[in-house]
Amino acid sequence: MSTTPDTDIVAGYDRALAAAQRIAGGVRPDQLSLPTPCSEWDVRALLNHVVTGNLLFTANVRGEAPPDRSIDHLGDDPAAALATTGRDLHDAFLAPGVLERSHPSPMGEMPGAVLVSMRTTELMVHGWDLARATGQPADLPEDLAERALTQLRPRLGGASREGMPFAAEQPAPDGASAADRLAAFLGRAV
């Protein structure tokens, strides 16, 4: 079976989701209150941010009302909430015409294919944050991290990040993985 660029981009999202789910599945209940590299969030709040993002993007591409972003969407099983919302978003991305049409996003109207890339990067970066916070190996797809860096560097490299959800780029050690370099590019100390 051959793939089209549209299914290739969703396949990348699926791989990033699987990596983030693996990390989320390794979070113990006693780790939910640990701090994360995102200083405003502990582990539970970070997971809720990712799950809420999945809900928001699903609603956006389906033309539905957005979720309440101020409440906890994790319930008693954060890993299951990530898996469920991730699958729902996968299905929403593959609906006919979604990748070609423009949809609302936190950064304005964007084609569905761009939204897939945004969610893939979000899963990669916050998967890294979650792994770092809970002492797990990140084991994120290196090719997806490289792709995210290639897409982000022209937009954010050297630009002021004031008002953006990313801190200034941090140095990455020599020989750092692509996932570590992506995290450093987006302001995380590696």
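The values are calculated or read from the model by the stated rules, or taken from the named source; none is laboratory data. All values derive from a computational prediction rather than experimental measurement. Neighbour counts are summed over all protein chains in view; Cβ atoms, including those assigned to glycine, are modelled from backbone coordinates with ideal geometry.
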Report summary line: In region 18-35, anything of a type in the set (A, V, I, L, M) and without any contact (Cβ under 8 Å) to a residue 40 or more places away in the chain is listed as 18
Requested in this report: Answer yes or no: is there a residue in region 39-62 that is more than 17 Å from the chain's Cα centre (by Cα) and at pLDDT 95 or above.
Outcome: yes
Report summary line: For residue 118, the lone unmet condition from (1) buried (at least 24 other Cβ atoms within 10 Å of the Cβ); (2) part of a helix (DSSP H, G or I) is (1)
Requested in this report: Go through (1) of a type in the set (Asp, Glu); (2) touching a helix residue (DSSP H, G or I) at 6+ places or on another chain (Cβ under 7 Å); (3) free of Cβ contacts under 8 Å to residues at least 24 places away in the same chain one by one and return the number of the condition residue 91 breaks.
Outcome: (2)
Requested in this report: Just name the residue that is modelled with the lowest pLDDT out of those in region 165-186 that are of a type outside the set (Ser, Thr, Tyr), within 18 Å of residue 120 (Cα to Cα) and not in a helix (DSSP H, G or I).
Outcome: 165
Report summary line: By residue number, the members of region 55-78 that are within 22 Å of residue 117 (Cα to Cα) and assigned to a helix (DSSP H, G or I) are 55, 56, 57, 58, 59, 60, 61, 62
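For region 128-145, what are the residues that are exposed (fewer than 15 other Cβ atoms within 10 Å of the Cβ) and in a helix (DSSP H, G or I)?
The initial filter retains those residues of region 128-145 that are exposed (fewer than 15 other Cβ atoms within 10 Å of the Cβ), namely 135, 137, 139, 142-143.
Answer for region 128-145, where residues must be exposed (fewer than 15 other Cβ atoms within 10 Å of the Cβ) and in a helix (DSSP H, G or I): 142, 143.
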Query raised in the report: Which condition number in (1) assigned to a helix (DSSP H, G or I); (2) more than 13 Å from the chain's Cα centre (by Cα); (3) not β-branched (Val, Ile, Thr) is the one that residue 124 fails?
Result: (2)
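Hey, can you tell me all the residues within region 43-81 that are hydrophobic (A, V, I, L, M, F, W, C), in contact with a Pro (Cβ under 7 Å, 6 or more places away or on another chain) and free of Cβ contacts under 8 Å to residues at least 24 places away in the same chain?
Within region 43-81, the subset hydrophobic (A, V, I, L, M, F, W, C) is 43, 45-47, 50-51, 55-57, 59, 61, 65, 71, 74, 79-81.
So of that shortlist, the ones also in contact with a Pro (Cβ under 7 Å, 6 or more places away or on another chain) come out as 47, 55-56, 59.
Result: 59, single match.
Is it fair to say residue 103 is surrounded by fewer than 21 Cβ atoms within 10 Å (Cβ to Cβ), under 16 Å from residue 9 (Cβ atoms) and touching a Gly at 6+ places or on another chain (Cβ under 7 Å)? Steps first, please.
Working: surrounded by fewer than 21 Cβ atoms within 10 Å (Cβ to Cβ): yes; under 16 Å from residue 9 (Cβ atoms): yes; touching a Gly at 6+ places or on another chain (Cβ under 7 Å): yes.
Yes: the conditions hold for residue 103.
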**Report entry** Condition check for residue 84: within 29 Å of residue 33 (Cβ to Cβ), without any contact (Cβ under 8 Å) to a residue 60 or more places away in the chain and in a helix (DSSP H, G or I)
**Finding:** yes
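Do the conditions hold for residue 107, that is, is it within 24 Å of residue 144 (Cβ to Cβ) and not in a helix (DSSP H, G or I)? Before you say what the answer is, go through the steps one by one.
Values: within 24 Å of residue 144 (Cβ to Cβ): yes; not in a helix (DSSP H, G or I): yes.
Yes: the conditions hold for residue 107.
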Query raised in the report: Can you name the condition, by its number, that residue 92 falls short on among (1) modelled with pLDDT of 95 or more; (2) among the hydrophobic types (A, V, I, L, M, F, W, C); (3) surrounded by 17 or more Cβ atoms within 10 Å (Cβ to Cβ); (4) in a loop (DSSP other than H, G, I, E, B)?
Result: (4)
Report summary line: Taking region 27-41 and keeping only residues that are part of a loop (DSSP other than H, G, I, E, B) and closer than 19 Å to residue 183 by Cβ, one is left with 27, 34, 36, 37, 38, 39, 40, 41
